[in-house]
Amino acid sequence: NNKDIATPKRTKEILEKHRFSFKKSLGQNFLIDTNVLRNIVDTAGVTENTSAIEVGPGIGALTEQIAKRAGSVTALEIDQRLLPILRDTLAPYPHVNVIHKDVLEADLHTLINEQIEKKDDLVVVANLPYYVTTPILMKLLEEKLPLRAIVVMIQKEVAERIAAKPGTKDYGSLSIACQYYAKAETVLTVPKTVFVPQPNVDSAVLRLTIREEPPVSVKDEGFFFRIIRGSFTQRRKTLLNNLVHHFDAKKEKALIIELCEQAGIDPKRRGETLSMEEFARLSDVFVEHYS
Ligand code: SAM
């Protein structure tokens, strides 16, 4: 539709009408390509039974495309200056609820309980501000919200790291942290030219399909993530070197070797070669000595 908010012409008119100036510090890069936006909404499988949560609606480009298909949209925007603009641009969509809030400060469980009526098919859909992509995603995952999926436009490199498989250069603690909670796929990569202003990096759409159960069960989740971070501290180093350093156990090198072997893991391997299942085994052996 040539009157959509996201068309370059309409976006320009909205920005001029409200004399809006972009704040780089808030990661404000607005989408001006309706095909890309529809693709994001398709990827999220949005239907009239869906209640969508959007982080950072900007001037409403993505919000509008979600609203055309979803039962409701609840959008959290940190920038006060955008609220009157959104009231104007989203006036035709009464099932959109814009809330002035920093997503990182928000109590999302309460927000879902109090602001969203139907919770059978809940998704997060967003073109995320790049400066806080990882904290936002980790918050959405770690809080174990009742979500089916999270579909977000993010920096391409970050999407590749999140979806990476063991043994690849992109695989690291972020891959495992996300894949513990969700199945991760990069669905589509997009050039800088679909945004105003254009960012310095290419972007990709990441789909996280939330798991009902984690793919591994561990004795202590906190310790599991701790040993994973410890194992990747210096990528070029072996598990042994990283773990000795992490547990500050210079005198206990022999113990670390023994614990690795008990878990059936060669301590000379590098962290990037271990599957999530292998980290789970390692964690369950080490937790007995180091928690
Ligand atoms: N959804 C719009 C689009 O696609 O054109 C705008 C996307 S823009 C990349 C990111 C948006 O997130 C901006 O509107 C920015 O003000 C907002 N934002 C930045 N940090 C935020 C935070 N912590 N909580 C909520 N919104 C935030």
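No lab work stands behind these numbers, since they all come straight from the coordinates. Source: prediction; values computed, not measured. A quick note on method: Cβ atoms are made from the backbone with ideal geometry, for glycine too, and the neighbour counts reach across all protein chains shown.
Which pairs in the list Lys118/Lys219; Lys169/Lys251; Lys219/Lys268; Lys119/Lys139; Lys139/Lys250 are over 27 Å apart, alpha-carbon to alpha-carbon?
Lys118/Lys219; Lys169/Lys251; Lys139/Lys250, as the Cα separations exceed 27 Å there.
Counting only C-alpha contacts under 8 Å and six or more residues apart, can you give the relative contact order of segment 6-72 as a whole percent? Mind dumping the intermediate values first?
Details: 54 pairs, mean separation 24.1, N = 67.
So the answer I get is 36 percent.
Return, ordered by residue number, the residues of segment 97-137 whose backbone nitrogen is under 18 Å from a label point located 7 Å along Cα→Cβ of Lys24. Once the point is set 7 Å along Cα→Cβ of Lys24, 129-133 turn out to lie under 18 Å by backbone N, inside segment 97-137.
Semi-axes of the equivalent ellipsoid for segment 98-218, computed as √(5λ) from the eigenvalues of its C-alpha gyration tensor and ordered from largest down, come to 23, 21, 12 Å. Modelled label positions at Leu83 and Gln262, each set 7 Å beyond Cα in the direction of Cβ, lie 5.6 nm from each other. Kirkwood radius, the chain, all distinct C-alpha pairs, inverse of mean reciprocal distance: 20.5 Å. On the principal axes of its alpha carbon atoms, segment 212-271 extends 40, 23, 19 Å, with the longest extent given first. The mean sequence separation of alpha-carbon pairs under 8 Å and at least six residues apart, normalised by the residue count of segment 165-291, gives a relative contact order of 29 percent.
Compute the separation of the alpha-carbon centres of segment 214-291 and segment 73-102 and state it in Å as a whole number. Comparing the Cα centres of segment 214-291 and segment 73-102, I get a distance of 46 Å.
Listed by chain and number, the lysines placed with their C-alpha closer than 27 angstrom to that of Lys12 are Lys3, Lys23, Lys24, Lys68, Lys101, Lys156, Lys192; residues fewer than eight positions away on the same chain are left out. Descending by average beta-carbon neighbour count within 10 Å, the peptides 274-281, 108-115, 170-177 line up as 170-177, 274-281, 108-115, the highest first. Between Thr189 and Glu142, the simple label model (points 7 Å from Cα in the Cβ direction) yields a spacing of 3.0 nm.
Counting neighbouring Cβ atoms within 10 Å and putting the fewest first, the residues Ser283, Ser21 line up as Ser21, Ser283. What FRET efficiency, computed as 1/(1 + (r/R0)^6) with R0 = 22 Å and r the Cβ-Cβ distance, is obtained for Ala249 and Arg269, rounded to the nearest 0.05? FRET efficiency, Ala249 to Arg269: 0.75.
By the gyration tensor of its Cα atoms, with a ≥ b ≥ c the square roots of the eigenvalues, what is the shape of segment 161-211: rounded for a/c under 1.5, prolate for a/b over b/c, or oblate? Don't skip to the end; give the middle numbers.
Values: a/c = 2.89, a/b = 1.89, b/c = 1.53.
Prolate is the answer for segment 161-211, as a/c is 1.5 or above and a/b outweighs b/c.
Using R0 = 30 Å, the C-beta based FRET efficiency linking Glu212 and Asp107 works out to 0.80. The distance between label points at Gln198 and Lys17 comes to 2.8 nm (points 7 Å beyond Cα on the Cα→Cβ vector). Per-residue ellipticity at 222 nm computed for the chain from its helices equals -11500 deg cm²/dmol, with DSSP H segments shorter than 4 residues left out and the rest contributing -39,500 (n - 2.57).
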